[in-house]
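Visitor: Quick one: structure below, then a few questions.
The values are calculated or read from the model by the stated rules, or taken from the named source; none is laboratory data. Since the model is a prediction, treat every value here as computed from it, not as a measurement. Cβ atoms come from the backbone with ideal geometry, glycine included; neighbour counts cover every protein chain shown. We work out accessible area using only protein heavy atoms, side chains counted, and drop any ligands, DNA or RNA first. Shrake-Rupley method; radii C 1.70, N 1.55, O 1.52, S 1.80 Å.
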Amino acid sequence: MPALDWQGVLTGQPLQWILSGFLTTLWVTLAGIALASLLALLFMLLRLSGGRVGKAIVSGWVSLFRNTPLLVQLLFWYFAAWNGLPQAFREAVNADHSWSILPGDVWWFTPEFLCSAWGLGVFTSAFLIEEVEAGLRSVPAGQREAALAQGFSTWRLFRFILLPQGLANAWQPVVGQYLNLMKLSSLASGIGFAELTYQVRQIESYNAHALEAFTLGTVLYLLTGLVMGMVLVRLGPQAKRKRPNVVIAGSEKHDCRT
């Protein structure tokens, strides 16, 4: 077995590609997490207050995106849905904009970044909905009834009673979905998005240092996942479960300061 030549990936142009791909992966992961969380929140509220129609819409959303391969979805968003957008918008996105450069020289206002972030966010939201729903169901029914008896609206019930406790109960699975989104971002290389996997493959074609490049890429994914997991678990709501902000049971007082 030939000795590994790390100079082929840790110097010059290959190193720049690795750093660029790594930072691009981080940014699209953050964008996907933000979008997935927002969509999951909106659909959970729709399921709670939308009646049969709302529940049917949410169920259709979850079924569609959970049972379709992510790579197929990314290809659809990039090659089909993108071309269905107004031409003026597509031309604006394809134009050069200095304000669209993120730290690390990552361009976010591009078809590849937008389609990747959207595809990852939509796909992950379908899983987050079910994870958070399981957490909401673990909230005692008596707390729901007490909140409604005290005149809580659907939004206040969701915001102050169900979501804080349900999210705390489901936080570990939610973190797992966020980490899964980071790893699945590698599939965005299939639409030409220059994230870490794309750049690693480019090094393989550039100087044939495939083993070194893929080893370094694997280590970066591993370290990113470990750090993200520790940070999210430490900052998540589970750390505050011993002193909840909302308690409603019988005649006990409730605190809605959050």
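Visitor: Taking into account only those residues within the range 113-139 that are open to solvent by 10 Å² or more (accessible area, probe 1.4 Å) and without any contact (Cβ under 8 Å) to a residue 40 or more places away in the chain, which is nearest to residue 20 (Cα to Cα)?
Guide: For the range 113-139, the residue satisfying everything is 114.
Visitor: Go through (1) open to solvent by less than 10 Å² (accessible area, probe 1.4 Å); (2) among the charged types (D, E, K, R); (3) free of Cβ contacts under 8 Å to residues at least 40 places away in the same chain one by one and return the number of the condition residue 144 breaks.
Guide: (1)
Visitor: Can I ask one more? Filter the range 1-29 down to the residues that are more than 30 Å from the chain's Cα centre (by Cα), open to solvent by less than 60 Å² (accessible area, probe 1.4 Å) and touching a residue at least 60 places away in the same chain (Cβ under 8 Å) and list them by number.
Guide: 8, the sole residue that qualifies.
Rundown of residues vs (1) at pLDDT below 95; (2) under 21 Å from residue 35 (Cα atoms); (3) of a type in the set (A, V, I, L, M, F, W, C), yes/no style:
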position: 126; (1), (2), (3): no, yes, yes
position: 132; (1), (2), (3): yes, yes, yes
position: 142; (1), (2), (3): yes, no, no
position: 160; (1), (2), (3): yes, no, yes
position: 171; (1), (2), (3): yes, yes, yes
position: 181; (1), (2), (3): no, yes, yes
position: 184; (1), (2), (3): no, yes, yes
position: 208; (1), (2), (3): yes, no, yes
position: 220; (1), (2), (3): no, no, yes
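Visitor: Of everything in the range 56-101, what is aromatic (Phe, Trp, Tyr), more than 21 Å from the chain's Cα centre (by Cα) and closer than 22 Å to residue 24 by Cβ? Give them in sequence order.
Guide: Keep residues of the range 56-101 that are aromatic (Phe, Trp, Tyr), which gives 61, 65, 76-79, 82, 89, 99.
Next cut, more than 21 Å from the chain's Cα centre (by Cα) only: 79, 89, 99.
Across the range 56-101, the qualifying residues are 79, 99.
Visitor: Quick one: residue 151 ticks every box in (1) crowded, with 20+ Cβ neighbours inside 10 Å; (2) not in a helix (DSSP H, G or I) except a single one, so which number is it?
Guide: The one condition residue 151 does not meet is (1).
Visitor: Exactly one condition in (1) small (Gly, Ala, Ser); (2) touching a Pro at 6+ places or on another chain (Cβ under 9 Å); (3) open to solvent by 40 Å² or more (accessible area, probe 1.4 Å) is false for residue 98; which is it?
Guide: (2)
Visitor: For the condition of a type outside the set (Ser, Thr, Tyr), open to solvent by less than 30 Å² (accessible area, probe 1.4 Å) and out of contact with any Phe, Trp or Tyr (no Cβ under 6 Å at 6 or more places or on another chain), what is the one hit in 42, 74? Spell out how you get there, then give the answer.
Guide: Details: 42 fails: open to solvent by less than 30 Å² (accessible area, probe 1.4 Å).
That would be 74, the only listed residue that is of a type outside the set (Ser, Thr, Tyr), open to solvent by less than 30 Å² (accessible area, probe 1.4 Å) and out of contact with any Phe, Trp or Tyr (no Cβ under 6 Å at 6 or more places or on another chain).
Visitor: Need pairs with beta-carbon distance below 6 Å; first residue within 19 Å of residue 4 (Cβ to Cβ) and within the range 189-206, second surrounded by fewer than 17 Cβ atoms within 10 Å (Cβ to Cβ); sequence gap 6+ or separate chains.
Guide: Final answer for the pair search is 200/214; 204/210.
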